[in-house]
Structure formats: C-alpha cells, structure tokens
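These notes are about the structure you will find just below.
The values are calculated or read from the model by the stated rules, or taken from the named source; none is laboratory data. Not measured: the values here are computed from a predicted model. Neighbour counts run over all protein chains shown; Cβ positions are idealised from the backbone, glycine included.
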Amino acid sequence: MLDFESARSTVLQRARTLGTESVPLRVALGRVLARDVCAPRPMPDTDVSAMDGYALCAADLPPQGPWTLPVVGESRAGQPLPTLQAGSACRIFTGAVLPEGADAVLIQEDARVEAGQLSFDEQLTIGAHVRRRGSDVEPGEQVLATGQRLTPFALGLLASVDCAQPWVFVRPRVSILCTGDELRDVGAPHKLGSIAESNSVALAAMATEIGATVTVLPRVEDDIETTSATLERALSESDLVVTVGGASVGDHDVVQRALTRAGAEIEFWKVRIKPGKPVMFAARGECLVLGLPGNPVSAQVTFGLFGLPLLRAMQGVVDPLPRVHRGVLASPVRQRTGRLNFHRATLADGLLTPCSNQSSGATASLASADALVMVDTDCTGHPAGAEVPYLRLDGL
C-alpha cells in the first residue's frame, strides 16, 4: 500500500490542462483563468470624490477658521467637468470628477450652506475624501493571475477593466460509472438487500461544483463483458473516468480486470488511509481513471481527497490541495494504528466533536459532519483538548 501523500502526489503528477478558450463574462463564473489580466488604464482614471459634499482647494484656505466660501457650480458623475473658481467651492457628488483646481472634498455632514455660502469649522486636509487617479489599479497592473478561479467579485473586477471575454482553461470531461449487482435506481421499488445508488449523485455534484463537465454512465452489474465495453467507451470520451465499487480482487470485483482488458495501466491500488483503502489509480493514454470503493463514505471522502485536487489541477489551479486547519478536540478520538484516519467530526465554536458512527456506510454522519480530523498512521488517538489537523468538508 502507498502512503497518502505518495498516492496523491502520483495522481497530481499525471494532471494536465486541456487547452484554453475565451468565454463571455456571464458564463465565466467558476472557470479558471488561463491568461493574466492587466488593467488597460488607471482606476479611477482621474481624481474623483469619495463622498457627497463640496470640492474646494484646501491648500488656499487661511490657517484659522471658521471658513466661508461661495458655492459656484456642480460636479456629478457623467456630466461635463467644471473648473473650480479661485476662492470658491463646487457642489460635488460621489464618483464625480474632482474639478480642476480642487484638492479636497468637504463632506456635506460637516457643511453649512445658506444663501449660496458654504461655512465650516473643521480644518480640511489636502486629499480629504478624494479617490486619487490610479489609487485602485495602476495602468498595466495585473489584476488577476493565471490559475485563479473566477468568483462573482473577480467577474466584477474583469468587467471594470473592460475584459469581456476572459481566457479560461477547458473544463475536464468526467464520466462516473457505478458498479454492483446490489444497486438499484433511486426511487425504484425496494427489494431486501438492494441499495439505492447514491454515490453518482454525490460525486457528480462535487465534480460539477468545481467546474467539471459530468456524465453519469448507466450503472453496470458485476459482469466483466458489460463493464469492459462500458469502460472502453468511457476511456475514449473522457478526461477522467471515475469508477465506484468492484475495485478489489474478489470473484465479483471486475473493474480492475475490465480496465486492463480495455488497455489501461494500473498505477497503484490500495492506499494506507481509512476510510478508502482500496483506492485505485490508472491511465490509458491521456485519460485518467480513479477507482473508488463502493461504500458511500469511502467513495465520497476519497473523491474529495484525490478526485477534487486532480480536477482542479486539470483546470490550471495553481494550488489544487485543500487547506489543512488546526483545531481542538471537544471529545477524544481513538483508532487502530496502521492507516492515516480521516475521522468525521462536527465543528462548533472552534471545537471538533468526532461523530459517534465512523462506519464507511454511515452516510448520515458524513452529511452532518463539517470536518475530517486527521490522525496519523502510527497514532492510537488523541484526548479531549488536543490540537489536531483537520480538513473542512466544504473546503475539499
């Protein structure tokens, strides 16, 4: 068995990006930039007012107040720019260009205006309430870098620098194949011993959420011929094939044999982790294969640990690995040595409480958990109050 870090490194070393394309901003949410974006001009492109008030020249004010100035003219966004008359003030609104000759803005809350005369008592400094030209972004400055995922805020920034068609990496095509005689469709009549096939729902949602294009293949029974034919088509039409179940070497575990028959090379099988020991990684040409255990928790956790970083790397994300946090245990955690354990836990008020049911089939505990507490291979556990590393499930 490989240790966790070696196995994940092997997977990520095979990641490759799949080309680039230019897409409209309105469909670019969640995509990953394939080219740096630089500002074509300064932002703002001239000095503007940060507040509603009165533009004036603070440098020309007498050293002692109070001060009184006539109000002459008005500056508002989108209108022709007035020139400040010497010894006067100009009405100005948020976002409006600072008139030539002005160097500060007196906010209207500090102003008294009667009969066209502005009076104020507080000393005004040069530059007060003024957004200087280029104070947000200088011309030519890089505003977003290659490998950055486009959030709603990033899209707003792209729009502000007139980038209407950003270049992004092509989405990976993922095919998910679930196997097993015991599986039935969700909502189909229940038979004793049958299991509603849930893994494809969870895995497809996870892959879609981080930007992949997902196809869920019709599930197959534990039959070598059907599985081989299905995998042959999937390997020809996908960038990543994810199989669920049948990855061991029992009489009814046919996935490895079917992959070999289809021309794929097995790079590793079994990783020293819990849950999810029988994880498999294979490849045929440029198409990669991630073979997951059939137990729902094992499948979904291992896809989060291996599949999601791989899909991020295939989209050009600079750092595809989830962040490791540190937290304090509210109650003890115990385990047998021999494998790196990922214990499901809830997180509240900074404290981690391990779930009572850590079974690989206990999907209710996974759905209610917030984190995976990591306990090393040679460790038997930690007491309450111990500081431990953990991964946030919403950060996988």
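Checked against the criteria, residue 99 counts as touching a residue at least 40 places away in the same chain (Cβ under 8 Å) and not polar (S, T, N, Q).
Whether a residue is at pLDDT 95 or above, farther than 24 Å from residue 41 by Cα and crowded, with 17+ Cβ neighbours inside 10 Å was assessed, and residue 124 does not pass this test. If the condition is being polar (S, T, N, Q) and either in the same structural domain as residue 376 (by TED's automatic domain parsing) or touching a helix residue (DSSP H, G or I) at 6+ places or on another chain (Cβ under 9 Å) (or both), then the stretch 7-19 contributes only 17. The single residue among 297, 301, 289, 333 that is of a type in the set (A, V, I, L, M) and not assigned by TED's automatic domain parsing to the domain that holds residue 211 turns out to be 333. Only one of the listed residues (256, 300) is farther than 18 Å from residue 6 by Cα, at pLDDT below 95 and either touching a Leu at 6+ places or on another chain (Cβ under 9 Å) or not small (Gly, Ala, Ser) (or both). That residue is 256.
Restricting attention to the stretch 191-247, the residues being of a type in the set (Asp, Glu) and surrounded by fewer than 18 Cβ atoms within 10 Å (Cβ to Cβ) number 6. Applying the condition of being crowded, with 17+ Cβ neighbours inside 10 Å and hydroxyl-bearing (Ser, Thr, Tyr) to the stretch 43-79 and asking which residue is nearest to the chain's Cα centre (by Cα) yields 49. Pairing residues of the stretch 311-328 that are touching a residue at least 12 places away in the same chain (Cβ under 8 Å) and within 15 Å of residue 19 (Cβ to Cβ) with residues that are aromatic (Phe, Trp, Tyr) and surrounded by 19 or more Cβ atoms within 10 Å (Cβ to Cβ), at Cβ distances under 7 Å and at least 6 apart in sequence or on separate chains, gives 315/169; 316/169. Of everything in the stretch 326-356 that's in contact with a helix residue (DSSP H, G or I) (Cβ under 9 Å, 6 or more places away or on another chain) and among the hydroxyl-bearing types (Ser, Thr, Tyr), which residue is surrounded by the most Cβ atoms within 10 Å (Cβ to Cβ)? Applying the filter and picking the extreme gives 346. Residue-level check: of (1) more than 30 Å from residue 78 (Cβ to Cβ); (2) within 37 Å of the chain's Cα centre (by Cα), residue 137 misses just (1). In the stretch 80-103, the qualifying residues are those that are among the aliphatic types (A, V, I, L, M) and surrounded by fewer than 17 Cβ atoms within 10 Å (Cβ to Cβ), and the one that is modelled with the lowest pLDDT is 81.
Output the strands (runs of 3 or more DSSP E) that fall wholly within the stretch 100-161 and possess 2 or more residues being among the polar types (S, T, N, Q), or say none. Strands (runs of 3 or more DSSP E) meeting the threshold: 117-120.
Residue-wise test of (1) closer than 18 Å to residue 218 by Cβ; (2) in contact with a Pro (Cβ under 6 Å, 6 or more places away or on another chain); (3) free of Cβ contacts under 8 Å to residues at least 60 places away in the same chain.
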{"residue": "142", "(1), (2), (3)": "no, no, no"}
{"residue": "145", "(1), (2), (3)": "no, no, no"}
{"residue": "149", "(1), (2), (3)": "no, no, no"}
{"residue": "152", "(1), (2), (3)": "no, no, no"}
{"residue": "161", "(1), (2), (3)": "no, no, no"}
{"residue": "180", "(1), (2), (3)": "yes, no, no"}
{"residue": "188", "(1), (2), (3)": "yes, no, yes"}
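Against the definition (over 30 Å from residue 282 (Cα atoms) and not small (Gly, Ala, Ser)), how does residue 51 come out, yes or no? It is true that residue 51 is over 30 Å from residue 282 (Cα atoms) and not small (Gly, Ala, Ser). Restricting the stretch 22-67 to residues that are in contact (Cβ under 8 Å) with a residue 40 or more places away in the chain and of a type in the set (Asp, Glu) leaves a set whose member that is farthest from residue 125 (Cα to Cα) is 36.
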